[in-house]
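Worksheet for the structure shown next.
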Amino acid sequence: MQQVTARDPLADRALSDEAIVARVLAGAADLFELLMRRYNQRLFRAALAVLRDHAEAEDVVQDAWVRAFAHLHQFAGRARFATWVTRIAIHEALARGQRRARQAAVCEDTTALAVSVRPVDEEVGAREAVERIERAIDDLPDAYRAVFILREVEGLDVSDTATCLDLREATVKTRLHRARGLLRRQLDRTLGISTDGVFAFGGDRCNRVVASVQGRVAARELHPVFANPS
């Protein structure tokens, strides 16, 4: 009788994204949770950059993970997994935004930042400063906001940002430069504060997304190898 060797959770967490994908495709579907927990915040921030709605962005994260799991066999390793799944989230968010725009039939003028109406105290606490940054980023024009979040908040390089957004690298650089200029005028000295805590996504919310995706995958009996792409 062959002895089954128990997996080491610490060793699993040390696996590269590509190694995890290979094991999921080989039948260790539970390891997909590691990928979700690694990139939930990135996907949330990317979706939020498009939609500017926390609840809708969370829904997009779930939809993106379900789609990524079902189409995992299509991941060919030509780009990093993180880039591949971020593109899925952005495309899901764009599609949702287009549906919302058609339903609402409302056009918004996003050619300039809104003027902040909240008074700024001489001493701003760390959390209040982060909230001011979040509001200012939300007010950026759509094209600039997505580039800024992926480059400055998530720390993606120019190449990966361009791949995620289907842009030329020169366009990414130009839009980032313009986004920084708009934010400087809006935030003055506050812009120097770290963006690490901006649009954070962890704790209960991260757990909720993981549990929901796992439930949806199980209910639909999805398998990353045999799923039929839609």
Open item on the list: Looking at region 52-64, I want the residues that are among the acidic types (Asp, Glu) and have a partner that is at pLDDT below 95 with Cβ atoms under 6 Å, at least 6 apart or on another chain. Which pairs are those?
Closed with: 63/92
- [ ] Enumerate the pairs (first residue in region 144-157 and closer than 16 Å to residue 39 by Cα and touching a residue at least 40 places away in the same chain (Cβ under 8 Å); second residue anywhere and among the small types (Gly, Ala, Ser) and assigned to a helix (DSSP H, G or I)) with beta-carbon separation below 6 Å, excluding pairs fewer than 6 apart on the same chain, so at least 6 apart or on different chains.
- [x] 149/49
Task: Test for residue 136: is it surrounded by fewer than 14 Cβ atoms within 10 Å (Cβ to Cβ), under 22 Å from the mean Cα position of the chain (by Cα), modelled with pLDDT of 70 or more and hydrophobic (A, V, I, L, M, F, W, C) - done: no
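Looking only at helices (runs of 4 or more DSSP H) that fall completely inside region 1-104, which ones have 1 or more residues that are modelled with pLDDT of 90 or more and surrounded by fewer than 20 Cβ atoms within 10 Å (Cβ to Cβ)?
Helices (runs of 4 or more DSSP H) meeting the threshold: 17-25, 32-51, 54-70, 81-104.
The values are calculated or read from the model by the stated rules, or taken from the named source; none is laboratory data. This structure is a prediction, so every number in the text was calculated from the model and none was measured. Reconstructed Cβ throughout: ideal geometry from the backbone, glycine too, with neighbour counts over all protein chains shown.
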